[in-house]
Amino acid sequence: MKKYVYLFVFIYSVFTSLQAQSGMGISEKENGLDYWTEFNPKKKEYREAKKILTGYITENTTLYSRDTYLLQGVVYVTNNAVLTIEPGTVIRGDYNTCGTLVITKGAKIMAEGTESFPIVFTTNKDTYSRKPGDWGGIIVMGDAPVNTFGGIGVLNFDLDPKYNRYGGDNVESSSGALKFVRIEYSGRKLSAKKELNGISFAGVGNKTKIENIQISYSNDDSFEFYGGNVRLEKLVSYRASDDDFDFTQGVQATITNSLALRHPYSSDAEKSRCMEIDSYDMIEKFDSQRNKTNVKATNVTFVNTEDNDQGLVKEAVYVGSESYFTMTNSVVYGFKDYLLVKDYTVIDDFEEFIKLKSMVIAHCDNAFGSMRGDGTIGMDKNFFITKNSITISDGAIQDFFKKPNFDETPDFRYLKIERNGNPVVNVNK
């Protein structure tokens, strides 16, 4: 009898150690959300701001962790200045003046927190009174390529006209570094025009470090990329009102080991997705001789955390016209469709622009859909999913992820456990 017990314990421990190392979805030996993230920012206590940031920062400036700062109005970093932010620093966006930070073309932000001391941008509202859109957000501009005519873009956020342009020819330019950063309750409008995002990257080059950033409760997109060439790693979007990741204007992007967590009651009534991919915002400004948007996603996990029968759950990924999308080693759970395309209705067109490999698509009503015709794509679905190692399955959320609840830090590493047999082996045979 002891042999059965010992063997069961041994096999169970092996399963436990391996269940989050399937190679699918976010790939970490440890829970990458520990220590630096925050999933209940409404009740998080922050120190009152004693120092004010306002106007134009025209020379190299450092923000210190011993102080807490109020971001008042639109604050521009200009004149090729570098804004350095120490680990553990808290910057609070002013509700009354829609505090917003703009890193203009040529300037840099060096915001490198640590796992133990992340940098936090949040609202200046008190606990339990915080809401999406309490303040503006962060905008970072650079001189990497965009696909508008002339290769220069203009951000339509009612910014100072001297500082609203981005784009150029420098693919490897650097606008600084953002690492171990949290952004909470952003996404306010500066005027009657478009809402700001949690963070907007416009024409940013691939020497810019963008990793370990969590954006929570944004009133618009969490992350938006207008052109540029970016390498993204370990990003977390939580309960965005609009898209988690939005790519447009010919951005060339790789995104790895990243997570989008959606909830139906945090989403807009329509067109809110984990990922939206377009080559242009307005076709009249699109230069078709320049780059088409191309997004390559590896080891990402997209989750809708709660079912809803009121039409609030949409597709996980939308791909627009003349846009390229690759997704591998990834897990998608709980959406109406996994992937919706704008134009393609036949498999040859679909496969020209869309590359999928080694996927788990779980608890979704449909795998693929089109906005044209009857909404279907002409393909042999079984052949396509087999050829590309795509698994389509169903089940409860706790069957797919280690700890998909938010009472404490969640763990959305994918579980791959065979459940069709008893792990106890008869050692006497």
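What the table shows:
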item	result
Cα radius of gyration and Dmax for the range 251-382 (Å)	14.5, 43
Heavy-atom accessible surface of the chain: percent carbon and sulfur, 1.4 Å	47 percent
Where the Cα pairs of the range 125-172 fall when distances are cut into 5 Å bins, in %	5, 17, 22, 16, 12, 9, 9, 6, 4, 1
Shape box of the range 106-246 [Cα atoms, principal axes, largest first, Å]	47, 37, 23
Mean accessible surface per residue for the chain, computed with a 1.4 Å probe while every protein chain stays in place, in Å²	44 Å²
Percent of beta bridges antiparallel (DSSP, the range 279-429, rounded to nearest 5)	5 percent
Inter-centroid distance (Cα atoms) of the range 290-351 relative to the range 134-179, Å	26 Å
Pairs of Cα atoms farther than 20 Å apart, the range 188-244, %	26 percent
The range 224-308: C-alpha pair distances exceeding 19 Å, %	41 percent
Summed residue charge, Cβ within 12 Å of Val171's Cβ, Lys/Arg positive, Asp/Glu negative	-1
Option label - Rg and Dmax of the Cα atoms in Å computed here, alternatives [x] 26.3, 99; [y] 22.4, 81; [z] 23.6, 84	[y]
Of all DSSP beta bridges in the chain, antiparallel share, percent nearest 5	5 percent
Between 0 and 90°, nearest 10: helix 2-18 axis offset from the chain longest Cα axis	30 degrees
Reachable lysines, given that their alpha-carbon falls under 24 Å from the alpha-carbon of Lys357 and they are not under 8 places away in the same chain	Lys29, Lys234, Lys292, Lys296, Lys314, Lys336, Lys342, Lys381, Lys387, Lys402, Lys416
Cα-Cα pairs of the range 345-412 separated by more than 20 Å (percent)	42 percent
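The values are calculated or read from the model by the stated rules, or taken from the named source; none is laboratory data. Quick caveat, the model's predicted, so the values are computed rather than measured. Cβ atoms come from the backbone with ideal geometry, glycine included; neighbour counts cover every protein chain shown. Quick note on the areas: whole protein, heavy atoms, side chains included, nothing else; ligands and nucleic acids left out. Shrake-Rupley method; radii C 1.70, N 1.55, O 1.52, S 1.80 Å.
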